[in-house]
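What follows is a set of notes on a single structure, which appears directly below.
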Amino acid sequence: MNPKNTICLWYDGDALEAAQFYAQTFPDSTVGAILRAPTDYPDGRQGDVLTVEFTVAGIPCVGLNGGPHFKHSEAFSFQIATDDQAETDRLWNAIVNHGGQESECGWCKDRWGVSWQITPRALLAAITDPDRAAAQRAFSAMMTMRKIDIAAIEAARRGAA
């Protein structure tokens, strides 16, 4: 059964490669049905992958090989909550070291230009701390980071940084 709402991501011929990378990298992620062109068409050949259904961390998606006309931007991102530094490091490094690039405050971009927020639960807890001074210290520490360093966030929250 197809979900009622599916995120459609535009790729330039490499939707299947992206879907396979996501499925290998993120828990609760899979590659599903692949639709291939039944005949030649203006931008491709019979048998080319047109779309690929996949799931990223439980979110249903479809990758559309639409060509070079549109690019991804930070206006859309996946926010992935991590439980510890090891998970944060593993996901961040998988994206960045597979042709991606670092950005600020826990954001990075994969090699296809899709933005990801690798967000430790500890960061969310720190910046929503009812102690507003602790939250401000944690937020200020986050603003200096690329990949989130949980120990540094927690030290800032305690006022030890």
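Numbers below:
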item	result
Count of residues meeting criterion [in contact with a Lys or Arg (Cβ under 9 Å, 6 or more places away or on another chain), crowded, with 19+ Cβ neighbours inside 10 Å and among the aliphatic types (A, V, I, L, M)] in region 128-149	2
Residue count for region 20-56, restricted to those that are surrounded by 15 or more Cβ atoms within 10 Å (Cβ to Cβ), of a type outside the set (S, T, N, Q) and within 23 Å of A86 (Cα to Cα)	5
First in region 65-78 and more than 10 Å from Y11 (Cβ to Cβ), second anywhere and among the β-branched types (V, I, T), Cβ under 8 Å, 6 or more apart	F76/V114; S77/V114; F78/V56; F78/I59; F78/V114
Unmet requirement for C8, which otherwise passes all of (1) of a type outside the set (A, V, I, L, M); (2) in contact (Cβ under 8 Å) with a residue 40 or more places away in the chain; (3) surrounded by 14 or more Cβ atoms within 10 Å (Cβ to Cβ); (4) part of a strand (DSSP E or B)	(3)
Leading residue by the ranking (farthest from the chain's Cα centre (by Cα)) among those in region 113-127 that are small (G, A, S), in a helix (DSSP H, G or I) and surrounded by 18 or more Cβ atoms within 10 Å (Cβ to Cβ)	A126
Residues of region 88-112 classified as surrounded by fewer than 18 Cβ atoms within 10 Å (Cβ to Cβ) and either β-branched (V, I, T) or part of a loop (DSSP other than H, G, I, E, B) (or both), total	7
Residue match in region 81-89 (condition: under 26 Å from V31 (Cα atoms), of a type in the set (V, I, T) and touching a residue at least 24 places away in the same chain (Cβ under 8 Å))	yes
Filter result for E104 (in contact (Cβ under 8 Å) with a residue 40 or more places away in the chain and within 29 Å of M145 (Cα to Cα))	yes
Sole exception among (1) over 17 Å from T25 (Cα atoms); (2) touching a Leu at 6+ places or on another chain (Cβ under 6 Å) for G63, by number	(1)
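Yes or no, residue by residue, for (1) under 28 Å from A152 (Cα atoms); (2) touching a Gly at 6+ places or on another chain (Cβ under 9 Å); (3) assigned by TED's automatic domain parsing to the domain that holds I7:
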{"site": "I34", "(1), (2), (3)": "no, no, yes"}
{"site": "A37", "(1), (2), (3)": "no, yes, yes"}
{"site": "L50", "(1), (2), (3)": "no, yes, yes"}
{"site": "E53", "(1), (2), (3)": "no, yes, yes"}
{"site": "A57", "(1), (2), (3)": "yes, no, yes"}
{"site": "S77", "(1), (2), (3)": "yes, no, no"}
{"site": "A81", "(1), (2), (3)": "yes, no, no"}
{"site": "A86", "(1), (2), (3)": "yes, no, no"}
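The values are calculated or read from the model by the stated rules, or taken from the named source; none is laboratory data. Being a predicted model, the structure only gives us computed values, none of them experimental. For neighbour counting, all protein chains shown are included, and Cβ atoms are generated from backbone atoms with ideal geometry for every residue, glycine included.
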